[in-house]
1. Taking a ≥ b ≥ c as the square roots of the eigenvalues of the Cα gyration tensor of region B:580-714, is the shape rounded (a/c under 1.5), prolate (a/b larger than b/c) or oblate?
2. Identify the residues of region A:238-252 with backbone N under 19 Å of a label point that sits 7 angstrom from the Cα of B:Asp651 along the Cα-to-Cβ direction, or state none.
3. Enumerate the whole-percent occupancy of each 10 Å bin, from 0 to the last occupied one, for all C-alpha pair distances of chain A.
4. As a footprinting exposure proxy, order B:Glu820, B:Glu871 by other Cβ within 10 Å, with the fewest listed first.
5. Give me B:His224, B:His200 sorted ascending by neighbouring Cβ count inside 10 Å, so fewest comes first.
6. Quick check: pseudo-label points 7 Å beyond the Cα along Cα→Cβ at B:Asn522 and B:Ala898, how many nm apart are they?
7. Taking the Cα-to-Cβ direction at B:Val579 and at B:Lys255 and moving 7 Å from each Cα, how far apart do the two end points lie in nm?
8. Students often get this wrong, so check it: of B:Lys101/B:Lys448; A:Lys68/B:Lys493; B:Lys635/B:Lys930; B:Lys280/B:Lys630, which have C-alpha atoms separated by over 25 Å?
Amino acid sequence: MSKVRTLILLAPGTNCDVETEVAFQQAGAETFSVHIGELIRREKRLSDYHIMVIPGGFTYGDDISAGKVLANELRLKLGEDVERFVEKGGLILGICNGFQVLVKAGILPDSLLTSPLKGEEQGEGDKITLSVNDSGRFECRWVYLSVNQESPCVFTKGIAHMYLPVAHGAGKVVVPRDIGLARGLPHLNTVLYYTDEHGNTSAGYPYNPNGSVGNIAGICDSSGRVFGLMPHPERHIRGTQHPRWTRRGAEDYGDGFQVFLNAVEWAGNL
Amino acid sequence: MHRIEVRLKHDFPDAGGLGLVRDIHDLGITTVSDIRVVDIYWLDADLTSAELELICRSLLADPVTQEYQYDQDSWGGDGYHIVEVAYNAGVADPVEATIMKAVRDLGIEKVRAVRTAKRYLIEGQLDKRQLEVICNRLLVNPIIQHVVEQGAVIFPENPQYRFKLERIDILKSTEGELLKIRQQFGFSDDELRAIIDYFHRRGQDPTDVELETLAQTWSEHCVHKTFKGRIKFGDITVDNLLRSTIMKATEELNKPWCLSVFEDNAGVIDFDGQWALCFKVETHNHPSAVEPYGGAATGIGGVVRDIMGTGLGAKPILNTDVFCFGPPDFPYDRLPRGVLHPRRIFKGVRAGVADYGNRLGIPTLNGAVLFDERYVANPLVFCGTVGLLPRKISQMGQQSSGDLVVLAGGKTGRDGIHGVTFASEQLTEESTAVSYSSVQIGDPIVEKKLIDALLQARDRGLYSRITDCGGGGLSSAVGEMAEDTGVRVYLEKVPLKYAGLSYSEIWISESQERMALAVPPNCVEELLTIFANNDVEATVIGEFTNDRRLQLFYQGNPVCDLNMEFLHHGRPQLTAETVWEKPWHDEPDFAPPQDLTKSLLNVLGAWDVCSKEWVIRQYDHEVQGGSVLKPLVGKNNDGPGDAAIIKPLPDSKKGVIVSNGINPKYGEIDPYWMAASAIDEALRQIIAVGGNLKRVALLDNFCWGNTSRPDMLGALVQAAQACHDMAVVFETPFISGKDSLNNEFQFEGKVISVPHTLLISAIGVMEDVSRAISMDFKQAGDLIYLVGTTSSEMGGSEYFRLNAFIGNTVPEVNPHEAKELMNKLSEATEKGLVKACHDLSEGGLGDAVAEMAFAGGLGAIVHLKSVPLEESIDREDFILFSESNTRFLVEVAPGNGAEFEKMMEGIKLAAIGQVTDAETLEIYGLNGRKVVDTSIHELKDAWQRPIRW
């Protein structure tokens, strides 16, 4: 079987690309760092890959709002390619800034890429967004996560809990009050919740580091193949990345590694 | 022209506005209750309302949380104080370029220009003066911003520059005129005389840019003339202080793993035979005093470029930051006029470093924050970066004549003009008012793109040499690069942020995010393509020659022609006299307290000791995925780790350890032992986390008062001598360093100098990161060993400071014994006998055992009578809080005690207590009486409370 080909999308200000690449390589994939300009100029084609990852960073400096400019670029210049990529079974993963991009492009929670509801006309297009943390600050800390077992997300199959770091200033999941969480984000689209160490999904700050509604940390589309999350699974693929490995001994792999193994395994079976 | 306003819908809290409210309270104005911030965008174009709707809905406003309006009366109205702040004409806001691009992405091509502003709607009682204070201190930086008045011109024509060659009359000037020139350019008497001689021989007055070039090249900041000076100390004359102390240690040690020392932008050591590490720490003090955010961002941006400019270019992998500020509780009414409050400086510096460092994707893993009243007007900001580069390109490159000069990165503006001379001068009450022009405007994304493009070009071998444009701009970068060849630069080719710059301003501008490269002509096309693909500018601006002349041209006109020999070697060596006498401070006469619990809580809550979690969390310390030992460790990820460890290569077990040592309080008593203590402290931390001394290199950063005063310089000589003496014995060579002198402030006719401040940064290589240990107690029942001996070395201690004394008995270091102790402890750790280890520093034994206990969520029982003493001490408080060097607390499993003691044979140590699961700390005095008895939660709270902002 040929190797799973993973595209690591680069844009000005991307900065978690190398460790994301390492995570996919260790999970058995072949990785290709591709600048968004190369896709727009058609020097590279999305359809040549099985997985596309939008890594963390501060694309375009997070000017205007976090992830917005890359989101528009993706939607307006590559919208149809992205839609076709997902339809044909491709996987998309957005981590941190990549999650912000997927939400603001209308790719999550469900694709509005080619829908007339997004952008050009007034409508009930946008049900969720990611906004500035309640603390008003960038925060780097480790968070407990639990996985919604009913979610179709292929990245989190077989995972119940994870312990991962977050590092962001605008990771608060927001749903307009007049829409409400239930309509804004169906239960099945929710993948990850911030919890305390006992798995309580209504734990407050700092367990919920940004004030996200419903303690939501990550969501997927209804196919389960498009997944975005604020925490960084690529920063916990080895035991020695755990903040307390010197207390409990280092495991071979970190909690986040399974996310990459799942993705590569799923893509390999296509 | 269209004006668009965007704000949060009313039911969403404005976190940015609330942060501003807190900052205003920090200014001492407590009547402001709420602030809402409106983003203003002006678009220079004629747009239809459909187009405006599209731009607002799809780009500028978040459809869920924000609302917008365009071409209507501004939001605001009654009940608010309204301030609208925009960038000055000619200042490029990075966001504007992004918006232009994003609007084009929407298919709208006709927008000619974009300007942005912020409109603050401030709620609360304020008088005119208070509003002015808020504007001046928080909302407006006058060099880049202004308050928008009604009817202001938003898109003005940029002023154009018309070439006119300026010459400065020095050959026929009067003494008075010469004095003015000397002051204007910051030359000494000797220097100006040498310059007049040179231009006499040439037979023509210098141009302005020639004198500017000499001023930059000969500034303290660039050549370190004090450290290279001839210094008389009693009967002894030292020719070049640096060479005869710090660099001499490196030469004597002659370690084969030192690859490049004291010549490049950073020092370089071997990592694993294939890769090398480089390390540099810079200071950015004066700009941070007047504009903390911008100044500090510039500091981190600059040191990162030093790393990119080392060898043929390194990848930055770790940042470390050390700050010295005035106490956060400093009373407003004692604040000197024109000085920002320490809290404001602290917050601004932190934000600047974090915003810049986080955006670059470099983990900030290590640091320290110290406080003293003498830093109130002159804060110190040390920014350090470690880089990783292939060993085979670790040497500084060398260009050939005919290679092209390429300027890469950001455009050039009027930023930081005269920053170098500013950095080398004394601050005055007027500094805050007049020196904004020395603060530079940063754009970290340009720097990130620059890193990305440079690493690609480096790996294809497309350039022969690289250096950063830092202090002194092109003048320093290109002038230094071309020392051995010569160069011709065509200044009109330099890409500008805005029109109106003179040739001289272009040459000395300190605009950020720029690197200078020497590129062989056959590589230039490929190199420029790489930069274009990464969306970052690169321009050929000249060529290297073989005539050893610095020739500058502007639109075909020669504007500068200096001989490289004179520029780089014509400066007369500085000579200075020094004295140093050990000062005498009152010896304390307070009685030892019966109960030391309160003293311990006070020590833990002291500004220098208390938790800095508030700062640390706002830095990304996980990016790049390499961290093995983080700045916060322990059961709840909130204990104070000793040194940071990263594993930079995914397929290697090898680690990099970074630590720092600094204690200005000891300098009050004896700068020699202060320096020795700082080195001991930096090395202790490396040992504490499981490292060893086999491959450790040091950096020195001196921040001193005015060294033209003999006693100030005498103290500097003492400290430099200690650096030599310690490094030679520990076998830890210095590989790079930096000094910032003249850190003093004129206030009401008095001169206030910063305390003698020496930061020692250490970098070590660790064979296997899985041997790392953290400082938190791991298990009840384990033994607690105190390794090393305690003396009543209370001088400069935190305990004395809290009792308002300095004292005279400063901690000393016996480097021979210290080295033996550290080596044995490393071996014991390597063998797996050490479960936790913490070095003893500020607050001594009491502080260390408390931190280990609450970080581990466990209690401890400790007996002071078991503490190994150098000589008899009858005061329990002295035993508990002595800051004697080279001491460690070590947790050992009871079954391993005998083996640990055997391995440590020859070293004074004792089991002084035990880890318990009682969650209390109990310390028993010399006669068995309990002197400390408190819960670890109370201890932790005392430690966390001061900076829980």
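Each reported figure results from applying straightforward, stated rules to the coordinates on display, with no laboratory input. Since the model is a prediction, treat every value here as computed from it, not as a measurement. Here the Cβ is made from the backbone with ideal geometry for all residues, glycine too, and neighbour counts use every protein chain on show.
1. Values: a/c = 2.32, a/b = 1.39, b/c = 1.68.
Because a/c hits 1.5 or more and a/b fails to exceed b/c, region B:580-714 counts as oblate.
2. A:238-239
3. Per 10 Å bin, starting at zero, the Cα-Cα P(r) for chain A comes out as 7, 32, 39, 18, 3, 0 percent.
4. Fewest to most other Cβ atoms nearby, the residues stand as B:Glu871, B:Glu820.
5. Details: B:His224 19, B:His200 12.
Ascending number of Cβ neighbours within 10 Å: B:His200, B:His224.
6. Reported label-point gap for B:Asn522 and B:Ala898 is 7.3 nm.
7. Between B:Val579 and B:Lys255, the simple spin-label model gives 3.9 nm.
8. Violating the 25 Å limit, Cα to Cα: A:Lys68/B:Lys493; B:Lys635/B:Lys930.
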